[in-house]
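Trainee: Quick one: structure below, then a few questions.
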Amino acid sequence: MTYKRVKMMGANCPTCQRKLDILLKDGFQEIVCVCFRCRAVYAFDGQELQKLSNKRPPTVQEKATLDALVQALPEKHYYKGQGSQLRQNEFGYQRNWLSLAEYERQFGEALSFNQCDLRPDASSCKWCGQALPKGRRSFCKDSCSRNYSQATFTKRHMPSLPYRIACRDRFFCQISGADLAQYNRHGIRIPASKGELAIHHLIFVSNNGTDHEQNLLTVSAEVHRAYHAGDAEITAIIHRIRDQRLEKFGEKMQFSDPAGQS
């Protein structure tokens, strides 16, 4: 069975007028048209165009089929274990943060904490702190939006996964309470690291610790160094947090190796 994907002049979505993607199956036996803007799907039987409903939730059987589809998709990379940072290459293993897509595939759940709004007052601009004009919810003008995006995305120098963990923890060290967020030229606290932030694995990567959000903790670079230097007080606090989370999320925080040893 083969499909051809084509676009035709004049074949536009009846709703938004975007050009439709047309899928032709085995000699025009079945034609499906998809609009990727308004997410509409149409079927054409040679005479009549019919809009298909895509709002019905999948049945239990359909979900099982979709789960099998996910498992059948080839992996781009091979990891030492489920959720591990250790990505296999020709020389052994290379350590890399999981991408958001890989995180979702590995754990079967999406990483939350997408939006990080550090404003004390939701009626003020995220960048300059001025009162928002009527009709605006985040920025008082377009230049503030561009500056904010540049500071928190373009120049943040931080992969998406650890960035979202820092967002979850509001850019505060979870041990000392130190403020790790950056302040812009207007004195506004924005969700970007000022260079003193570290994301700590409660179960070490070397001990089969994963990149699951419950295995990650935002700490200051100073606390991170002190922990790995063996500071007794900091070690006790971090281990207490680790043990509490292990009770609920142990299977996701640590994977079993092929030999069956954790």
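The values are calculated or read from the model by the stated rules, or taken from the named source; none is laboratory data. Only a predicted model underlies this, so the values are computations on that prediction, with no experimental measurement involved. Here Cβ is always computed from backbone atoms with ideal geometry, including for glycine, and neighbour counts include all displayed protein chains. Ligands, DNA and RNA are excluded from the accessible area calculation, which covers all protein heavy atoms including side chains. Shrake-Rupley method; radii C 1.70, N 1.55, O 1.52, S 1.80 Å.
Trainee: Would you confirm whether or not region 247-262 contains a residue that is part of a helix (DSSP H, G or I), basic (Lys, Arg), out of contact with any strand residue (DSSP E or B) (no Cβ under 9 Å at 6 or more places or on another chain) and buried (at least 17 other Cβ atoms within 10 Å of the Cβ)? Step through it out loud before you land on a result.
Mentor: Within region 247-262, the subset part of a helix (DSSP H, G or I) is 247-253.
Going one step further and asking which of them are basic (Lys, Arg), we end up with 248, 252.
The next check asks that each one be out of contact with any strand residue (DSSP E or B) (no Cβ under 9 Å at 6 or more places or on another chain); those that pass are 248, 252.
Narrowing the set further to residues that are buried (at least 17 other Cβ atoms within 10 Å of the Cβ) leaves 252.
Yes, that holds for at least one residue.
Trainee: Next up: Name the pairs: first residue in region 95-121 and closer than 18 Å to residue 209 by Cβ and touching a residue at least 60 places away in the same chain (Cβ under 8 Å), second residue open to solvent by 70 Å² or more (accessible area, probe 1.4 Å) and acidic (Asp, Glu), Cβ to Cβ under 9 Å, at least 6 apart or on different chains?
Mentor: Note: pairs meeting the criteria are 111/104.
Trainee: Further question on the same structure: I'd like to check which helices (runs of 4 or more DSSP H) are fully inside region 123-233 and have at least 2 residues that are open to solvent by 40 Å² or more (accessible area, probe 1.4 Å) and aliphatic (A, V, I, L, M).
Mentor: Details: elements: 142-149, 160-168, 221-228.
In region 123-233, no matching helices (runs of 4 or more DSSP H) lie anywhere.
Trainee: Residue under question is residue 81, and the condition is that it be open to solvent by less than 80 Å² (accessible area, probe 1.4 Å), within 30 Å of residue 250 (Cβ to Cβ) and in a loop (DSSP other than H, G, I, E, B); does it hold? Spell out how you get there, then give the answer.
Mentor: Values: open to solvent by less than 80 Å² (accessible area, probe 1.4 Å): yes; within 30 Å of residue 250 (Cβ to Cβ): yes; in a loop (DSSP other than H, G, I, E, B): yes.
Yes.
Trainee: Quick check: is even one residue across region 245-260 under 24 Å from residue 103 (Cα atoms), in contact with a His (Cβ under 8 Å, 6 or more places away or on another chain) and not aromatic (Phe, Trp, Tyr)?
Mentor: Filtering region 245-260 down to residues under 24 Å from residue 103 (Cα atoms) leaves 245-260.
Those left that are additionally in contact with a His (Cβ under 8 Å, 6 or more places away or on another chain): 249, 252-253.
Okay, now just the ones that are also not aromatic (Phe, Trp, Tyr), so 252-253.
So far as region 245-260 goes, yes, one or more of its residues are under 24 Å from residue 103 (Cα atoms), in contact with a His (Cβ under 8 Å, 6 or more places away or on another chain) and not aromatic (Phe, Trp, Tyr).
Trainee: Hey, does region 63-71 have a residue that's hydroxyl-bearing (Ser, Thr, Tyr), more than 30 Å from residue 102 (Cα to Cα) and either part of a helix (DSSP H, G or I) or open to solvent by 50 Å² or more (accessible area, probe 1.4 Å) (or both)? Even if it seems obvious, please write down each step before you answer.
Mentor: Step one: filter region 63-71 for residues hydroxyl-bearing (Ser, Thr, Tyr), giving 65.
Those left that are additionally more than 30 Å from residue 102 (Cα to Cα): none.
Looking through region 63-71, none of the residues is hydroxyl-bearing (Ser, Thr, Tyr), more than 30 Å from residue 102 (Cα to Cα) and either part of a helix (DSSP H, G or I) or open to solvent by 50 Å² or more (accessible area, probe 1.4 Å) (or both).
Trainee: Which of the residues belonging to region 17-33 are farther than 13 Å from residue 4 by Cα and surrounded by 13 or more Cβ atoms within 10 Å (Cβ to Cβ)? Walk me through it before giving the result.
Mentor: The initial filter retains those residues of region 17-33 that are farther than 13 Å from residue 4 by Cα, namely 17-20.
Across region 17-33, the qualifying residues are 18, 19, 20.
Trainee: Which pairs do you get when a residue that is more than 14 Å from residue 44 (Cβ to Cβ) and open to solvent by 100 Å² or more (accessible area, probe 1.4 Å), found in region 1-13, comes within reach of a residue that is among the basic types (Lys, Arg) and modelled with pLDDT of 90 or more, reach meaning Cβ atoms under 8 angstrom, with the pair 6+ apart or on two chains?
Mentor: What qualifies is 7/19.
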